[in-house]
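Report on the structure given below.
Every read-out reported here was derived from the displayed coordinates using simple, explicitly stated rules and does not represent laboratory data. Small disclaimer: the values here were computed from a predicted structure and weren't measured. Cβ coordinates were reconstructed from backbone atoms using ideal geometry, including for glycine residues, and neighbour counts include every protein chain displayed.
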Amino acid sequence: MKKILVNFAHPAIGKSNINKALLKAISDLENVTINNLYAKYPDFMIDVKAEQALCEAHDVILFQHPFYWYQAPAIIKEWLDLVLEHSWAYGSNGNALKGKLFVQALTAGGDEKTYHHEGSNSFTINELTSPFKATADLCKMDWIPPFVVLGIHRGLPADEIRHHAENYRKFIVSLREDEVNLELAKTVSYCSMSLDHIMKG
């Protein structure tokens with residue numbers, strides 16, 4: 001059973017029904033650690049050694065966050081800047097994260113049509129999140145496309161929120177149980193749209 005670290009970051013979680021539902025859906029899972037960065041570091045004074053120890057103790061490092069201005073919220077950038085130290089996360093002697101899985105779970109206001117070369121955002125989600133893949137590569141981590149919930153600005157009905165939350169739980173459990181075919185997962189646009197397809201067996 002793999003251990004999963006969920007680095008959760010939302011500066012206005014009280015206003016996000018979908019992120020609250022996603023988080024609640026996985027909060028009781030064994031071997032899943034919820035690391036709420038804004039609650040833990042309201043002053044952005046990140047405890048680097050504590051965060052590195054958390055990473056070392058887990059097999060999967062997942063970042064759950066809203067997609068703000070085509071990026072993750074500011075505290076995730078701060079976390080990456082400080083925690084991923086040279087000779088720890090990368091460099092010739094930086095092997096602390098080698099072989100661990102890097103995953104994102106993100107929510108975005110636009111729908112599928114907007115995140116397209118002909119859409120209003122001009123780029124796909126995978127193109128816009130490519131710096132995270134590059135980070136994973138530099139740290140010798142494994143990477144798969146994100147779990148994505150789109151179209152939240154139109155206001156998701158309760159049954160749709162429930163559906164996404166159930167799928168998120170299924171995704172996290174599958175990662176924990178090593179039931180995701182990682183090579184197959186790398187061929188899809190989003191893991192969230194192809195859960196049954198990427199499951200082993």
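Do any helices (runs of 4 or more DSSP H) entirely within the stretch 7-115 hold 3 or more residues that are within 25 Å of Arg176 (Cα to Cα) and touching a residue at least 40 places away in the same chain (Cβ under 8 Å), and if so, which? Give the derivation first.
On the way: elements: 17-26, 37-40, 48-56, 74-83.
Hits in the stretch 7-115: 17-26, 48-56, 74-83.
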Test result for Ile26, more than 19 Å from Gly99 (Cβ to Cβ) and in contact with a Ser or Thr (Cβ under 7 Å, 6 or more places away or on another chain): no
Tally, over the stretch 116-128, of residues that are surrounded by fewer than 16 Cβ atoms within 10 Å (Cβ to Cβ) and part of a loop (DSSP other than H, G, I, E, B): 7
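Filter the stretch 185-201 down to the residues that are over 21 Å from Glu127 (Cβ atoms) and in a helix (DSSP H, G or I) and list them by number. Quick ask: steps written out before the conclusion?
Of all residues in the stretch 185-201, those over 21 Å from Glu127 (Cβ atoms) come to 195-197, 199-201.
Leu195, Asp196, His197 - these are the residues of the stretch 185-201 that are over 21 Å from Glu127 (Cβ atoms) and in a helix (DSSP H, G or I).
Please work out which residue is nearest to Ser174 (Cα to Cα), limiting yourself to the stretch 56-98 and to residues that are of a type in the set (D, E, K, R) and out of contact with any helix residue (DSSP H, G or I) (no Cβ under 8 Å at 6 or more places or on another chain).
Asp59
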Residue list for the stretch 142-176, restricted to those being closer than 16 Å to His197 by Cα, in contact with a Phe, Trp or Tyr (Cβ under 9 Å, 6 or more places away or on another chain) and surrounded by fewer than 21 Cβ atoms within 10 Å (Cβ to Cβ): Asn167
Members of the stretch 71-92 found to be over 14 Å from the mean Cα position of the chain (by Cα), under 25 Å from Pro145 (Cβ atoms) and surrounded by fewer than 16 Cβ atoms within 10 Å (Cβ to Cβ), listed by number: Ala74, Asp81
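Kindly indicate whether Ser174 is farther than 19 Å from Ile18 by Cα and in a loop (DSSP other than H, G, I, E, B).
Values: farther than 19 Å from Ile18 by Cα: yes; in a loop (DSSP other than H, G, I, E, B): no.
No: the conditions fail for Ser174.
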Among (1) out of contact with any Asp or Glu (no Cβ under 8 Å at 6 or more places or on another chain); (2) of a type outside the set (Ser, Thr, Tyr); (3) assigned to a loop (DSSP other than H, G, I, E, B), the one test that Glu166 misses: (3)
